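A short write-up of the structure that comes next.
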Amino acid sequence: MYTDSIDDEQWENMKKLYFVADKYEMLSLKNKCVSFLKTNLSIPNVCEALLLSDLHQDGDMKTAVLDFISEYDSAVFASEEWKELENNNSSSVINVLREFCCNKRFK
């Protein structure tokens, strides 16, 4: 926090750091975490990022997540992580589908 640098850039650590940065309104740190998370989206972690963006009401990260899902829709929707999301967080799934239909992300 004092050096304005992040040494351990791993997904799990950045999620935790993002949570703390958002909670304590450390915008510079939060922006670095969001940048890392958006850059490192993957099929296995995109559902987790979706939930994180919803929890923190982060429109910037959510847009990146929705764009990623749109680009890799077949792989995301076939993943075990998406199936788990469907079972445990159906409201998030409905919101994603509503977003795609309303904004015609699928082109």
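Residue check: is SER90 within 15 Å of ASN45 (Cα to Cα) and out of contact with any Gly (no Cβ under 6 Å at 6 or more places or on another chain)? For SER90, the condition - within 15 Å of ASN45 (Cα to Cα) and out of contact with any Gly (no Cβ under 6 Å at 6 or more places or on another chain) - is not met. In segment 1-12, how many residues are modelled with pLDDT under 60, open to solvent by 100 Å² or more (accessible area, probe 1.4 Å) and not hydroxyl-bearing (Ser, Thr, Tyr)? Summing the residues that are modelled with pLDDT under 60, open to solvent by 100 Å² or more (accessible area, probe 1.4 Å) and not hydroxyl-bearing (Ser, Thr, Tyr) in segment 1-12 gives 2. Candidates in segment 35-47 are the residues that are open to solvent by 20 Å² or more (accessible area, probe 1.4 Å) and not in a loop (DSSP other than H, G, I, E, B); of these, the one that is nearest to VAL96 (Cα to Cα) is LYS38.
Per-residue answers, yes or no, for (1) under 14 Å from the mean Cα position of the chain (by Cα); (2) at pLDDT below 95:
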{"site": "MET14", "(1), (2)": "yes, yes"}
{"site": "VAL20", "(1), (2)": "no, yes"}
{"site": "SER42", "(1), (2)": "yes, no"}
{"site": "CYS47", "(1), (2)": "yes, no"}
{"site": "LEU52", "(1), (2)": "yes, no"}
{"site": "SER92", "(1), (2)": "yes, yes"}
{"site": "ARG98", "(1), (2)": "no, yes"}
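Of the residues making up segment 4-15, not a single one is of a type in the set (Val, Ile, Thr) and part of a helix (DSSP H, G or I).
Just one of the listed residues (GLU86, GLU81, GLU99) is under 22 Å from GLN10 (Cβ atoms), among the acidic types (Asp, Glu) and in a helix (DSSP H, G or I), namely GLU81. The set of residues in segment 55-74 that are part of a helix (DSSP H, G or I) and either among the hydroxyl-bearing types (Ser, Thr, Tyr) or open to solvent by less than 60 Å² (accessible area, probe 1.4 Å) (or both) comprises GLY59, MET61, LYS62, THR63, ALA64, VAL65, LEU66, PHE68, ILE69, SER70, ASP73, SER74.
You will find that of LEU29, LEU50, the residue that is touching a residue at least 40 places away in the same chain (Cβ under 8 Å) and part of a helix (DSSP H, G or I) is LEU50 and no other.
The values are calculated or read from the model by the stated rules, or taken from the named source; none is laboratory data. Keep in mind it's a predicted model, so treat the numbers as computed, not measured. Don't worry about glycine lacking a Cβ; one is built from the backbone with ideal geometry, like all the others, and counts go over all protein chains shown. These accessible areas exclude ligands, DNA and RNA; they are computed on the full protein's heavy atoms, side chains included. Shrake-Rupley method; radii C 1.70, N 1.55, O 1.52, S 1.80 Å.
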